[in-house]
Amino acid sequence: MDEVAIRETFAASIATKQRLLTQCVPSLQRLCDVAVATLRGGGKLLFCGNGGSSCDAAHAAGELVGWFEQKQRRAYAAVALGQQVPTLTAIGNDAGYEHVFAREVEAIGRPGDLLVGFTTSGGSRNVVLALQRAKALGLATAVLCGEKRGAALDHSDVAVQVPSTNTARIQECHLVCVHVLCAAVEQALGA
């Protein structure tokens, strides 16, 4: 990759984040409000996603259970689904990969919890089924996705749709959203 291509990549990332800022602040604020209300009410935050989005889910849970910017605070109840390899492979083998997150939601999700799915396409079947199962069990639901209209939107109380169809740009924006969410939780709940 030459210098021009590197600069073009940075420019595209910045431009996508500018569109995110212009178009998505109200939905991101709503997600933060629901997450804070969930934790205040004694619920937990469940996160799921595939591939790089699985990393975003784990990152979000890790920042909340550990700490983000406030080093002297209690741990917040957050779990990244799909991180236990034996569970993931058993469910995938026995029921099909599309059920890996829904089965975990069924095991640990309770009314008063919030499931947040990450899917750049908005249509990842296992995320969609997890959102459906969460709603059936009385959980609040949210999705972080791209601009395409995917089935995940039909099963989400809150949707943050990054204005892009480029997977890398969407994931970069999802990371910013994770950091905003973590900062909002820490600001609202403190120690």
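Every number in this text was worked out from the coordinates using simple rules, so none of it is lab data. These figures come from a predicted structure and were not determined experimentally. Virtual Cβ from ideal backbone geometry, glycine too; neighbours counted across all protein chains shown.
Points worth noting:
- Every helix of 4 or more DSSP H residues in the chain counts as -39500 (n - 2.57), and over all residues that averages to -18500 deg cm²/dmol at 222 nm.
- Surface/4 estimate of mean projected area, convex hull on alpha-carbon atoms of the stretch 127-174, nm²: 3.1 nm²
- Ordered from longest to shortest, the equivalent ellipsoid semi-axes for the stretch 1-53 are 34, 16, 7 Å, each the square root of 5 times a Cα gyration tensor eigenvalue.
- Student exercise, the stretch 1-55 dipole from Lys, Arg, Asp, Glu Cβ charges, in Debye to nearest 20: 380 debye
- With Rh defined as the Kirkwood radius, the inverse of the mean 1/r over Cα pairs, the Rg/Rh of the chain is 0.98.
- Lys/Arg +1, Asp/Glu -1 at C-beta; the stretch 3-189 dipole; positive extreme among Ala151, Gln70, Ala130: Gln70
- For the chain, the number of Lys pairs with C-alpha atoms closer than 25 Å, counting only pairs eight or more positions apart or on separate chains, is 4.
- Full extension of the segment from Asp2 to Leu137, taken as 0.36 nm per residue of separation minus the current Cα-Cα distance, would add 43.5 nm.
- When the chain is treated as a Gaussian network with alpha carbon springs shorter than 10 Å, the biggest mean-square fluctuation among Gln29, Gln72, Gln83 belongs to Gln72.
- Axial C-alpha extent at least 27 Å, average Kyte-Doolittle at least -0.5 - helices from the chain (DSSP): 3-40, 167-189
- Most mobile of Ala37, Ala11, Ala75 in a GNM of the chain (Cα contacts under 10 Å): Ala11
- In a simple Cβ point-charge model (Lys, Arg +1; Asp, Glu -1; nothing else charged), the stretch 3-189 has a dipole of about 280 debye relative to its Cα centre.
- Once the chain from Val176 to Ser13 is taken as fully extended at 0.36 nm per residue, the excess over their C-alpha distance is 57.5 nm.
- Top of Gly41, Gly123, Gly66 by mean-square fluctuation, Gaussian network on the chain, Cα under 10 Å: Gly41
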